[in-house]
Structures are given as structure tokens and as C-alpha cells.
1. Check off (1) closer than 24 Å to Leu24 by Cα; (2) loosely packed, with under 15 Cβ neighbours inside 10 Å for Ala121 and give me the number that stays unchecked.
2. Mind telling me which of the residues Glu197, Glu148 ends up being closer than 20 Å to Pro22 by Cβ and part of a helix (DSSP H, G or I)?
3. Consider Leu129 carefully, then state whether it is modelled with pLDDT of 90 or more, closer than 21 Å to Arg33 by Cα, assigned to a helix (DSSP H, G or I) and open to solvent by less than 70 Å² (accessible area, probe 1.4 Å).
4. Does any residue in the range 181-195 that is in contact (Cβ under 8 Å) with a residue 24 or more places away in the chain come within less than 7 Å, Cβ to Cβ, of a residue that is open to solvent by 50 Å² or more (accessible area, probe 1.4 Å) and in a helix (DSSP H, G or I) six or more places away or on a different chain, and which pairs are these?
5. Which of the numbered conditions does Thr9 fail, given that it passes all the others? Conditions: (1) within 30 Å of Ala96 (Cβ to Cβ); (2) free of Cβ contacts under 8 Å to residues at least 12 places away in the same chain; (3) more than 12 Å from the chain's Cα centre (by Cα).
6. Are any residues in the range 135-175 closer than 23 Å to Leu186 by Cα and either of a type in the set (D, E, K, R) or modelled with pLDDT under 90 (or both), and if so, which ones?
7. Cβ-Cβ under 8 Å, sequence separation 6+ or interchain: first residue in the range 157-177 and assigned to a helix (DSSP H, G or I), partner among the hydrophobic types (A, V, I, L, M, F, W, C) and open to solvent by 50 Å² or more (accessible area, probe 1.4 Å). Which pairs?
8. Name the pairs: first residue in the range 92-107 and under 12 Å from Glu48 (Cα atoms), second residue of a type in the set (Val, Ile, Thr) and open to solvent by less than 50 Å² (accessible area, probe 1.4 Å), Cβ to Cβ under 7 Å, at least 6 apart or on different chains?
Amino acid sequence: WGSASADFTAARGALERLDAPPALPPLLADVVRNPDLARWATELAAREAAIGLERARAVPDVAIGAGPRYLSDTDEVALVFEVWVPLPVFDRNQGAIGAAEADLARSDAERRAADAGVRSALARAHASLTAAYERAAELRDRMLPAAESVRAGVESAYRQGALGSLDVLDAQRTAFELRDEYLAALGDYHRARIDVERLAGAAAPSSLGDDHP
């Protein structure tokens, strides 16, 4: 909630809210917003800056001087300019430049590995989200109504003396077990949804619908 302490007294959820999962391609397209990947832009920029710095150090410093000089033969005073240019024959800072370039290549390889890892994890989380959604929707829309209908019919038949109490208990147990399974499927759905949001970064909330409790 963006605070070090709670500024509310209660939190309300919507466990039975089921939103169809978004398509995977748009989530993968925006995966660069994942914090684990976004940091690599800064990392690679720093590595490139280090290469530039080492290359700059390979350029010799040019020194310029000026001053008067008295010419005794003609009793004249001349202004003399001097330029010093060191010749980096043996040391052009190639070692440091090579090390900086190797650091950049290593960082880029690590970034690509991190990108592949996040995309793979997002695909798995999306598959889990889709499976949990389909299971919860199946239980909600078909299996639970059917079990409740059977339970109601058995209880009605029991009241009319057509069925015994064991039949009622069996129908009730089936309905309760399916209800428990439905709640478990809802929990799986919301956990998978959180994983997808985390891996998809800032793009996930808008892709997955409006704000959720």
C-alpha cells in the first residue's frame, strides 16, 4: 500500500472474482519493464561509459607553452610557442580498454540470460494462470451447480421418504468437496495472477484488468 505502516483497519478481497487471463504476447512484449530487466539498461550504460573513459585515456595529453626569447644576434625579442605531444608507442591503454569491453560483453550476456529467464518464467506462470482459471470457471459454471442441484433433489426426495439419510449425506459431501476444490482453484488462480503481474512488471495491471482488492 506504499507506506511503512498501515493506514487502514481492514482489507477486503474478492476471492471469487475471475477475470479471463490476458494474451501472453502483449505481456512478453512489455517484459522489459520487469525490475530485474530494467536495471540492465543502467548497467550496460555504465559499462559503455567505462569503455569511453579508457579510450580517452589512450589519447596523449597535448601540452602547449609560450614565452619570449631574446635574440642576441639581432637584439630582438621573439615570441616562441612550444607544443609537447607524447608518443604512446608502447602503451596505448589497450589492456584497460580490452578489460572494459570484456565487462560490457559479460554484462550483455547476463542481461540476455536474465531476459530469457524472465520470459520463460512468465510463460510458465501464464500457463498456470490459464489452467487455474479454466478449472475454477469449470467448477463454478458447471460442476458446482450440478452438485447443488443433485443435493437439493436428494434432500427433497428424503423429505418425501423416497431416499435415506445416507443418500443425503453422500450428496452433501460431494457438494462440499467440490466447493472446497473450487476454493483451492481460486487460490491457485490468484497466486498465478500475482506471479504474472510480478514478472510482467508495470504492464501487468492494465493488461489484467482494473484494480483488484
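1. Status for Ala121: all satisfied but (2).
2. On the way: Glu148 fails: closer than 20 Å to Pro22 by Cβ.
One residue alone meets the criteria, Glu197.
3. For Leu129, the condition - modelled with pLDDT of 90 or more, closer than 21 Å to Arg33 by Cα, assigned to a helix (DSSP H, G or I) and open to solvent by less than 70 Å² (accessible area, probe 1.4 Å) - is met.
4. Note: pairs meeting the criteria are Tyr182/Arg140; Ala185/Arg135; Tyr189/Tyr133; Ala192/Ser128.
5. Result: Thr9 passes all but (1).
6. Arg135, Glu138, Arg140, Asp141, Arg142, Glu148, Arg151, Arg173
7. Ala157/Leu163; Ala171/Val150; Thr174/Val150; Ala175/Val150
8. Every condition considered, the pairs that remain are Ile97/Ile51; Ala100/Ile51; Glu101/Ile51; Leu104/Ile51.
The values are calculated or read from the model by the stated rules, or taken from the named source; none is laboratory data. Worth saying up front: this structure is predicted, and the values here are computed from it rather than measured. For neighbour counting, all protein chains shown are included, and Cβ atoms are generated from backbone atoms with ideal geometry for every residue, glycine included. The area values use the complete protein model at the heavy-atom level, side chains included, leaving out ligands, DNA and RNA. Shrake-Rupley method; radii C 1.70, N 1.55, O 1.52, S 1.80 Å.
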